[in-house]
Amino acid sequence: MTDGKTFTAEIVQLDAQPTAAVRIQQPMAELDLGTAFGRSMPLVAQRIVEAGGSIGGPSYGRYHQYGPDVVDVEIGFPVQDPPTRLAPLGSVAPGEVGLSELPRGPVARAVHLGSYDGLPATYDALHDWIHAQPGYDDGDGPWESYVDMPDDMADPSKARTEVIWPLVRE
C-alpha cells in the first residue's frame, strides 16, 4: 500500500474481465477528469442495468494515453455477464457506452490510500518498482480500480484505489 509514507507492490496474474465503459479522447487542456468521471460513471451504471446486465466490481479508469497533449481514458465497470444489448466500445460514438475488457496477463498492482491527489506519486512509485523487477517492463493501458470512494467514507484518508499496470516480459 502507499499512503505517501510506504509503498508495496506485487505482480499478479489476472483473468480477462468483461466491462462496460465510455471512452473519452480529448486534448489535455480541455478535460476535467473529475467532471468526466462524475458524468460517466452513473451513465455507464445506468446503461448496464438498462441492457440487462449487472455490475461485477468497482468502477475503473483505464488510461490508454495520458499526456502530454492528449488524454485517452476509458471509464467503466466490470460486468458479471456482458449485456448483449451493448455494442463493442470500439464501434460506438465517443462518449457512448459499449462493451470492453480489462486484459488478462501479468500486472503490477499497488494500493493507494487516501485522496486522488496522491495518485500520481503512486503511479511514479509503481513505474519505478516495475523497472526494478527482472524480466518485466511496463505495458500499455494502466488502470485504477476505485475500491472505495473517498466521498462515501467517514475517513477519506482510508479510501483504497488499486493501481494496476499491465506488464510485458523482456
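The values are calculated or read from the model by the stated rules, or taken from the named source; none is laboratory data. Computed from a predicted model, the values in this text were never measured in an experiment. Backbone-built Cβ (ideal geometry, glycine too); neighbour counts: all protein chains shown. Calculation scope for accessible area: heavy atoms of the full protein, side chains included, ligands and nucleic acids excluded. Shrake-Rupley method; radii C 1.70, N 1.55, O 1.52, S 1.80 Å.
Out of Leu14, Leu33, I need the residue that is at pLDDT below 95 and not hydroxyl-bearing (Ser, Thr, Tyr). Which one? Result: Leu33 is the single residue among Leu14, Leu33 that is at pLDDT below 95 and not hydroxyl-bearing (Ser, Thr, Tyr). Of all the listed residues (Pro58, Pro68), the sole one being open to solvent by less than 60 Å² (accessible area, probe 1.4 Å) and not polar (S, T, N, Q) is Pro58.
Residues that are at pLDDT 95 or above, charged (D, E, K, R) and surrounded by fewer than 16 Cβ atoms within 10 Å (Cβ to Cβ) were ranked within region 99-123; the one that is nearest to Gly34 (Cα to Cα) is Glu101. A Cβ distance below 9 Å, combined with a sequence gap of six or more or placement on separate chains, defines the contacts here; from region 110-122, residues that are more than 14 Å from Ser145 (Cα to Cα) reach residues that are part of a loop (DSSP other than H, G, I, E, B) and open to solvent by 10 Å² or more (accessible area, probe 1.4 Å) in the pairs Gly118/Asp3; Gly118/Gly4; Ala121/Gly4; Ala121/Phe7. Taking the conditions exactly as written (part of a loop (DSSP other than H, G, I, E, B) and touching a helix residue (DSSP H, G or I) at 6+ places or on another chain (Cβ under 8 Å)), does Pro83 satisfy them or not? Here the answer is yes, as Pro83 does meet what is asked.
Scanning region 130-144 for residues that are over 19 Å from Gln13 (Cβ atoms) and part of a loop (DSSP other than H, G, I, E, B) yields a single hit, Ala132.
The residue that is farthest from Leu99 (Cα to Cα), among those in region 36-49 that are open to solvent by 60 Å² or more (accessible area, probe 1.4 Å) and free of Cβ contacts under 8 Å to residues at least 12 places away in the same chain, is Arg39. Inside region 134-156, residues that are farther than 25 Å from Ser100 by Cα, touching a strand residue (DSSP E or B) at 6+ places or on another chain (Cβ under 7 Å) and surrounded by 12 or more Cβ atoms within 10 Å (Cβ to Cβ) make up a count of 1.
Condition test on Val168, is it open to solvent by 20 Å² or more (accessible area, probe 1.4 Å), out of contact with any helix residue (DSSP H, G or I) (no Cβ under 6 Å at 6 or more places or on another chain), modelled with pLDDT of 95 or more and of a type in the set (Val, Ile, Thr)? It is true that Val168 is open to solvent by 20 Å² or more (accessible area, probe 1.4 Å), out of contact with any helix residue (DSSP H, G or I) (no Cβ under 6 Å at 6 or more places or on another chain), modelled with pLDDT of 95 or more and of a type in the set (Val, Ile, Thr).
Within region 81-98, the set of residues being farther than 29 Å from Ala29 by Cα and at pLDDT below 95 comprises Asp81, Pro82, Pro83, Thr84, Arg85. Of the residues making up region 88-108, just one is on the phi > 0 side of the Ramachandran plot and assigned to a strand (DSSP E or B), namely Gly105. Restricted to region 1-73, the set of strands (runs of 3 or more DSSP E) holding at least 3 residues that are of a type outside the set (A, V, I, L, M, F, W, C) and touching a strand residue (DSSP E or B) at 6+ places or on another chain (Cβ under 9 Å) comprises 17-27, 60-66. Every condition in (1) of a type outside the set (Asp, Glu); (2) assigned to a loop (DSSP other than H, G, I, E, B); (3) over 13 Å from Leu167 (Cβ atoms); (4) modelled with pLDDT of 95 or more is met by Val147 except one, and the failing one is (4).
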